[in-house]
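Taking it in order: structure first as structure tokens, then the write-up.
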Amino acid sequence: SSGINAEYGGNMGAALLTQPDLIRDILTALVKHSTVPITAKIRILPEEEATLSLCRVIESTGVAALTVHGRTASTRSSAPCNYDIVKRIKKELSIPVILNGASLDVTCRSEVEDVISRTGVDGIMIARAAWANPGVFSREPVPAKTAAETFLKRCIDYECPLNILKYTIGKLRGLFTTTDGCLQVTRHIEPRLIYQHFGLGEYYDKVTEGRVSIQDEFQRNKRQKLGEGHILLKEELTPTILQTFRSAVAPRQILNQWLIANGFSEPTYSTVEHNRIFTGYLKIDNDTFVMEGDFKNKRTAIQAVAYAYCMKHHIELRHYKTGPKSNR
């Protein structure tokens, strides 16, 4: 993409716009070696003919489509989009051309279709317009507060992270008449207070309570399933404890030594994976132990079940010495 309105180090972003030969080499290589269609995105150049020439170069590489942001690299997003040059580009090229940069002019689907009709492009890439007004894809204009309420309900339904929620609220048009009004809402660190401002406090409570009950039921069923034929272990694992699992002398190694020193047979470890979450199992003689918890890899799951067993049986994990413990 050369459509970014900044020049980054290493000839990236808008810096490529003035290097058509390099653009040709990059796109040609991508098209040659890729198994999926390759597209390109640019901003326009200050000179119209230079922009058209660059577009012809890009088309010659075999890309499947070209997206054109109708502003130069130095033009701010508050400036009008140059539809005339985009219209000319569409007439010059035989590949699909997609317009970007129309956020100031579209508030609903009918206006999107109007811009497509005026420029002849094959489609519009929408970002800021959808951010400012989630109802932009509706055929008729949607009041800002109605669109915002629908959007915020989705945020509640899918547990939108607080930082993303605040940032997005600040971008929504028509919700606040002043910057101070926006700050009064986004200063909150408790999501419910933010949702309450928009009259969604009760909805937040209802969804949250339902989510907690579903999670509790899931954990109960999981514990019951894990406990069938196994000895269920439960131990709190802090980040500091998890860090020790990566050390040279981790719980598994210490437990293995302790078991052998105390006359047990050598333990065996296994894991079960479900939806990329691992559960660790430990078998000692005729007993199988399982650690309650959700772990992202096999190593952590195995170290966790060893750690939990050590905690349950008061096996010292620090400064361990080979040989039977005197207090057992």
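The values are calculated or read from the model by the stated rules, or taken from the named source; none is laboratory data. Here the structure is a predicted model, which is why all the values come from computation and not from measurement. Neighbour counts are summed over all protein chains in view; Cβ atoms, including those assigned to glycine, are modelled from backbone coordinates with ideal geometry. Side chains included, ligands, DNA and RNA excluded: accessible areas come from the protein's heavy atoms. Shrake-Rupley method; radii C 1.70, N 1.55, O 1.52, S 1.80 Å.
So who's got an amide H within less than 5 Å of the one on residue 295, skipping anything under 5 residues away but keeping other chains? H placed 1.01 Å off N, in plane.
For residue 295, the qualifying residues are 278.
Compute the distance from the alpha-carbon center of the stretch 132-152 to that of the stretch 81-102, in whole Å.
So the two Cα centres are separated by 27 Å.
Need one value: the accessible area of residue 71 in square angstrom, 1.4 angstrom probe, rounded to the nearest 10.
Near enough 10 Å² of accessible area.
What ³J(HN,Hα) values, in whole Hz, does the Karplus curve 6.51 cos²θ - 1.76 cosθ + 1.60 give for the stretch 43-48 when θ = phi - 60°, with x put for Gly and Pro?
Along the stretch 43-48, the couplings run 9, 6, 8, x, 9, 4 Hz.
Suppose all protein chains stay in the model; what accessible area per residue would a 1.4 Å probe give for the chain, in Å²?
On the way: 19460 Å² over 328 residues.
With the other protein chains kept in place, the chain gives 59 Å² per residue.
So how much slack lies between residue 60 and residue 179, counting 0.36 nm per residue of separation and subtracting their Cα-Cα distance, in nm? Show your work: numbers first, answer last.
Details: separation 119, 0.36 × 119 = 42.84 nm, distance 4.79 nm.
Here the segment from residue 60 to residue 179 would lengthen by 38.1 nm.
In the chain, which cysteines lack any other cysteine Cβ under 4.7 Å from their own?
When partners are defined as cysteine Cβ atoms under 4.7 Å apart, the chain leaves 55, 81, 108, 182, 310 without one.
Taking 0.36 nm per residue of separation and subtracting the Cα-Cα distance, what length does fully extending residue 34 through residue 149 add? Mind showing how you got there, number by number?
Numbers: separation 115, 0.36 × 115 = 41.40 nm, distance 4.22 nm.
Gain on extension, residue 34 to residue 149, equals 37.2 nm.
Once both axes come from the Cα atoms, what is the angle between helix 251-261 and the longest principal axis of the chain, in degrees from 0 to 90, rounded to 10?
20 degrees
May I ask you to order 148-160, 250-262 by the average number of other C-beta atoms within 10 Å around their residues, highest value first? All intermediate terms of the calculation are to be shown ahead of the outcome.
Numbers: 148-160: 15.7, 250-262: 17.7.
Ranking, from highest mean packing down: 250-262, 148-160.
Please grab the % of Cα pairs in the chain that end up more than 34 Å from each other.
Values: 29783 of 53628 pairs.
Everything past 34 Å amounts to 56 percent.
I'd like the accessible area for residue 60, computed on protein heavy atoms only with a 1.4 Å probe and all protein chains in place. Round to 10 Å², please.
That residue has around 80 Å² of solvent-accessible surface.
With the crude spin-label approximation of a point 7 Å out along Cα→Cβ, what separation in nm comes out for residue 266 versus residue 50?
7.2 nm
What residues qualify as long-range amide H neighbours of residue 284, i.e. H under 5 Å apart, gap of 5 or more or another chain, H built at 1.01 Å from N?
Counting only residues 5 or more places away or on other chains, the set is 289.
Tell me which residues come under 5 Å, amide H to amide H, from residue 250 once H is placed; ignore anything under 5 positions away on its chain.
It is none; the list stays empty.
Tell me what the chain gives for mean residue ellipticity at 222 nm when only DSSP H runs of n ≥ 4 count, each as -39,500 (n - 2.57), the sum divided by the residue total, rounded to 500 deg cm²/dmol.
Values: 13 runs with 151 residues, N = 328.
After summing the helix terms and dividing by residue count, I get -14000 deg cm²/dmol.
So which of 32/91; 145/206; 166/206; 41/87; 32/90 end up more than 18 Å apart by C-alpha? Before the final figure, lay out each step's value.
Values: 32/91 26 Å; 145/206 21 Å; 166/206 21 Å; 41/87 16 Å; 32/90 24 Å.
Distance filter (> 18 Å) returns 32/91; 145/206; 166/206; 32/90.
Accessible area, 1.4 Å probe, largest first: how do 233, 317, 104 sort? Mind showing how you got there, number by number?
Numbers: 233 5, 317 40, 104 90 Å².
Solvent-accessible surface, decreasing: 104, 317, 233.
Share of the chain's accessible area from carbon and sulfur, percent, 1.4 Å?
Values: 10080 of 19460 Å².
Roughly 52 percent of what the probe reaches on the chain is carbon or sulfur.
With a 1.4 Å probe and all protein chains kept in place, how do 166, 298, 206 rank by accessible area, largest first?
On the way: 166 50, 298 120, 206 150 Å².
So, going from the largest accessible area down, we get 206, 298, 166.
Calculate, for residue 256 and residue 276, the FRET efficiency according to 1/(1 + (r/R0)^6) with r their C-beta to C-beta distance and R0 30 Å; round to the nearest 0.05.
On the way: r = 27 Å, r/R0 = 0.91.
With a Förster radius of 30 Å, E is 0.65.
With every protein chain left in place and a probe of 1.4 Å, what is the accessible surface of residue 235, to the nearest 10 Å²?
Spelled out: residue 235, probe radius 1.4 Å, area about 70 Å².
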